[in-house]
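Enquirer: Next up is a structure, given as structure tokens.
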């Protein structure tokens, strides 16, 4: 009863229309190998579309840079303690007028061990952040969202906002070996949704989670701006790890530019 | 004078006495009392001569199919190789759960298999097909999806009860490289289910009420027993040695499996992780044994693409067909 009511409230005709346009590659029960489920994705999209439109009032620029089909890595800066940035990029890509897609977000490794949350994230498109998963999804011509900063980005303190943390090199290796274009994204606004003043590290260790922030009890309605950059292509053989790091720095520089663009567009935090 | 123990040879003679003159050779199928072996034999029999063996009983399969009850650990096993011209072995026989303990299961599954392989090498058997399982990969929270055949076998990290599955695989791999003339093919299928299947998942799907770990609903894969028999037949006929996952390109979550199979799921606390294992052991759940609990918690999704491409395999039966069988079975039992 509650579930039906929730579905009716969230899966509005416009959400149905969006979903109908997205190509589906699932089995007879609506699941894919990573546990993605269309029925859950509809509810997730319905919920986050409301937050996207009315709570975070997201503005997305450059969505035409996301190819309407074929493999692609969407690389973004990470922030906000609770990773709303992944969900908001997902909604932007799913509602892209230039070609909607169901993008998959690589999530932290501890999520599958958390009851309910692990399954829920899988069902709406989250996939454990293992390079093998990323490669296999790209080979199925999926769009994959990766935050190379990982928890270093999402868990950073408010005083470090908009300072890009170290990027892992893994995504560049995958982009080069799988010949996947990279669409860089600069996210502005998520830093202010849950400003963290401190991390209670001992409690985090005890709970086996990456961080426990001292922050507001619920996300603040900061205005979010997403800037999608032009696709970057990295091909050829990998000569050295140093060479890979150099290419990663190039991507980081582009993202830094997109963040600055977003910050200059923003008229106020809220 | 101590009573003379009945020898394995006499047990063999006690079975369907069907001396066979088969110049083209015969296929030895182990685990003949199981439904998978019987389905496989039914597919092979019109074209090939079969010898059936099982450690449980001599099964009556057909008048022209010699059938033996044999313990692989006993010397009588060699009599079958002496008596018949075995050209291929399809090794499906396995002890799943042994109430007498893991040691006996290990002996039967691993040491017994080693004896069988030694005889295959000695009698120059030209092809061996071994049934393994996706269990060997282990159910781990950090598993990526679509595990391929090169993925490390982590099952033994999780529980000692699955060591024999991994050891059997390792043993098969050793023989594969040591005796290339055996042309060994190892098959790692996903959950095999369908009419008559009495493995863990078959038992579970036959029940009306089963546990569901609170907060976990892993995606699973199933193959119909008839499709698996078809896969074994293809492996025999195409004779391409190697290790292969066998699974359809279809996936379903555990709770959907239960719903479609007419089963009620009862939530079982999943925290701390030792709790459901303790309950399973205390209640002696055969269908939900403690050492398989992680397979009902985390997905172990295998990629069956290599087998499909190499052998031209495509399952004919849908997931819904599998679950309908179990649903209908319960309805019939109720009536």
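Rule-based calculations on the coordinates, nothing more; no lab input. As the structure is a prediction and not an experimental result, all values here were calculated from the model. Cβ sites come from the backbone with ideal geometry, for glycine too, and all protein chains shown count toward neighbours.
Enquirer: What's the angle, to the nearest 10 degrees (0 to 90), between helix B:163-178's Cα axis and the longest principal axis of chain B?
Expert: That helix lies at roughly 40 degrees to the long axis.
Enquirer: Could you list, bin by bin from short to long, the percent of Cα-Cα pairs of region A:172-249 in 10 Å steps?
Expert: 16, 26, 23, 30, 6
Enquirer: Ok, one more. Could you give the angle, 0 to 90 degrees to the nearest 10, between helix B:112-122's Cα long axis and the longest principal axis of the Cα atoms of chain B?
Expert: 40
Enquirer: More than 24 angstrom separation, counting every C-alpha pair in chain A; what % is that?
Expert: 47
Enquirer: Now a separate question. Multiply the residue gap between residue B:239 and residue B:198 by 0.36 nm, knock off their C-alpha separation, and tell me the result in nm, one decimal place.
Expert: 11.9 nm
Enquirer: For residue A:117 and residue B:42, what does the FRET efficiency come to when R0 = 51 Å and r is the distance between their Cβ atoms, rounded to the nearest 0.05?
Expert: After rounding, the FRET efficiency stands at 0.65.
Enquirer: Connecting C-alpha atoms closer than 10 Å in a GNM of chain A, tell me which of A:78, A:173, A:160 has the biggest fluctuation.
Expert: A:160
Enquirer: Once label points are set 7 Å from the Cα along Cα→Cβ at both residue A:246 and residue B:274, what is their separation, rounded to one decimal in nm?
Expert: For residue A:246 paired with residue B:274, the spin-label model returns 5.4 nm.
Enquirer: Now for a different question. Counting each DSSP H run of 4 or more residues in the protein assembly as shown as -39500 (n - 2.57), what helix-only mean residue ellipticity at 222 nm follows after dividing by all residues, to the nearest 500 deg cm²/dmol?
Expert: The per-residue figure over the protein assembly as shown is -10500 deg cm²/dmol.
Enquirer: Separate question: Can you classify region B:129-233 as rounded, prolate or oblate using the Cα gyration tensor, where a ≥ b ≥ c are the square roots of its eigenvalues, rounded means a/c under 1.5, and otherwise it's prolate if a/b beats b/c and oblate if not?
Expert: oblate
Enquirer: Indicate the gyration tensor shape class of region B:233-335 (rounded, prolate or oblate), computed on the Cα atoms with a ≥ b ≥ c the square roots of the eigenvalues: a/c under 1.5 is rounded; otherwise a/b larger than b/c is prolate and the rest oblate.
Expert: The shape class here is oblate.
Enquirer: Along the three principal axes, how long is the protein assembly as shown when you take its alpha carbons, biggest first, rounded to the nearest angstrom?
Expert: That gives 99, 59, 47 Å along the principal axes, largest extent first.
Enquirer: Compare B:132, B:280, B:67 in a GNM of chain B, Cα atoms joined below 10 Å, and give the one with the largest fluctuation.
Expert: For chain B, modelled as a Gaussian network with Cα springs under 10 Å, the answer is B:280.
Enquirer: Which of these, B:63, B:230, B:39, has the largest mean-square fluctuation under a Gaussian network model of chain B (Cα springs below 10 Å)?
Expert: B:63
Enquirer: Angle check, please: helix B:274-283 long axis (alpha carbons) against the longest principal axis of chain B (alpha carbons), in degrees 0 to 90, nearest 10.
Expert: Between the helix axis and the principal axis of chain B, the angle is about 60 degrees.
Enquirer: For region A:70-209, would you read off the P(r) tail past 21 Å as a percentage of all alpha carbon pairs?
Expert: Details: 4167 of 9730 pairs.
When every Cα pair of region A:70-209 is considered, 43 percent fall beyond 21 Å.
Enquirer: Could you please state, rounded to a whole Å, how far the C-alpha centre of region A:129-146 is from the C-alpha centre of region B:187-217?
Expert: A separation of 30 Å, based on Cα centres.
Enquirer: Report the convex hull volume per residue for region A:213-270, counting only C-alpha atoms, in Å³.
Expert: With only Cα atoms used, region A:213-270 gives 131 Å³ per residue.
Enquirer: Per 0.36 nm of contour for each residue apart, how much would the distance between residue A:39 and residue A:207 grow if the chain were fully extended, relative to their Cα-Cα spacing?
Expert: 57.3 nm
Enquirer: Provide, as a two-decimal number, the C-alpha radius of gyration of chain B over 2.2 N^0.38 Å, N being how many residues it has. Could the numbers behind the result be given before it?
Expert: Working: Rg = 20.0 Å, N = 335, 2.2 N^0.38 = 20.0 Å.
Against the compact-globule rule of thumb, the ratio is 1.00.
Enquirer: Please report, largest first and rounded to whole Å, the three semi-axes of the ellipsoid equivalent to region A:3-97, where each semi-axis is the square root of five times an eigenvalue of the C-alpha gyration tensor.
Expert: 21, 18, 14
Enquirer: What does the C-alpha gyration tensor say about the overall shape of region B:33-144? Classify as rounded when a/c is under 1.5, otherwise prolate if a/b is larger than b/c, or oblate.
Expert: Because a/c hits 1.5 or more and a/b exceeds b/c, region B:33-144 counts as prolate.
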